[in-house]
Amino acid sequence: MISPDSYGSVLLLLLFTYVFSVSVTSSWAASLVICVQIATVWAVLRVSQARRSVRRIAAVLLVISALAAAVNLFVGKETAGLGAVAFMSAVLYLIAPFSITRSLLFRREVDLQTVLGAIDIYLLVGMLFAFMYRFLGVVQSSAFFGANGDGKLPQDLFFSFTTLTTTGYGNLVPAGNPGQTIAVAEMLIGQLFLVTAVAKVINSYTPLRLPGSGSQQAEGNPAGGGAGGDGS
């Protein structure tokens, strides 16, 4: 669960990334949040053993995102390069789930790592859509959430995961397209992924049994034993 090369460590890192992203809301800390996001994606690609070409593309995007975050830190303006960072973060979070999916398809058995990997994919999809909403909130002329404005990354993450799980509190709603269309796509992907991929993995998962549990049962009822054996 906590091994650096396991999907359990990726799950813990994703949870930490989410908590950190919604907790640190100061404008100066936006660059620090991006650095944490970069570290998370890099860990996903390493654990899933992504192809070398994929790692090279991701490395270029990671460097560009880091540079844009550094520029945003020194400029001190929240909109400086924010759209580019949001777009490249969305691309990175699009690559990461496919890398895990490829890794899981080559596993010979459905074990705990497979279950954790499926959960990681689900969380990464939620992060992906959050950065898509962040990108739209920066580049489009009208406010993404209408009267509630464009929102910040914590609001985008909140809206993304409530949409992914089809909870729908209704306090944040895209004012128009393409935000509404993307939100519908996230609803469908979230539900289909849960009822197909995650459900299939969990149903196929067989926990490891402790050694000797079967032998103890066999010793309690040996072949040819019992009360009926004395009457012959």
Would you be able to say whether some residue in the range 167-174 is part of a helix (DSSP H, G or I) and touching a helix residue (DSSP H, G or I) at 6+ places or on another chain (Cβ under 8 Å)? no
Can you name the condition, by its number, that D150 falls short on among (1) under 27 Å from A199 (Cα atoms); (2) of a type in the set (D, E); (3) not in a helix (DSSP H, G or I)? (1)
Does the range 157-184 hold any residues that are hydrophobic (A, V, I, L, M, F, W, C) and either free of Cβ contacts under 8 Å to residues at least 12 places away in the same chain or exposed (fewer than 14 other Cβ atoms within 10 Å of the Cβ) (or both), and which are they? V184
Can you confirm whether the range 27-37 contains a residue that is modelled with pLDDT of 85 or more and either touching a strand residue (DSSP E or B) at 6+ places or on another chain (Cβ under 6 Å) or surrounded by 13 or more Cβ atoms within 10 Å (Cβ to Cβ) (or both)? no
Residue set G117, G212, G146, G224; condition at pLDDT 85 or above and either open to solvent by 30 Å² or more (accessible area, probe 1.4 Å) or over 17 Å from the mean Cα position of the chain (by Cα) (or both); output residue G146
Residues of the range 41-84 satisfying the condition of being in a loop (DSSP other than H, G, I, E, B), among the polar types (S, T, N, Q) and at pLDDT 80 or above: S48, Q49
Within the range 99-121, track down each residue that is hydrophobic (A, V, I, L, M, F, W, C) and closer than 16 Å to L14 by Cα. I100, V115, L116, A118, I119, I121
Any pair with Cβ under 6 angstrom, 6 or more apart, that starts in the range 34-55 at a residue that is touching a residue at least 40 places away in the same chain (Cβ under 8 Å) and more than 16 Å from L94 (Cβ to Cβ) and ends at one that is open to solvent by 20 Å² or more (accessible area, probe 1.4 Å) and in a loop (DSSP other than H, G, I, E, B): V47/D5
Find the residue count for the range 84-121, including only residues that are more than 21 Å from S53 (Cβ to Cβ), charged (D, E, K, R) and touching a residue at least 40 places away in the same chain (Cβ under 8 Å). 2
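The values are calculated or read from the model by the stated rules, or taken from the named source; none is laboratory data. Because the structure is a prediction, the values reported are computed rather than measured. In this analysis, Cβ positions are derived from the backbone assuming ideal geometry, glycine residues included, and neighbour counts consider all displayed protein chains. Surface accessibility is based on the protein's heavy atoms, side chains included, excluding ligands, DNA and RNA. Shrake-Rupley method; radii C 1.70, N 1.55, O 1.52, S 1.80 Å.
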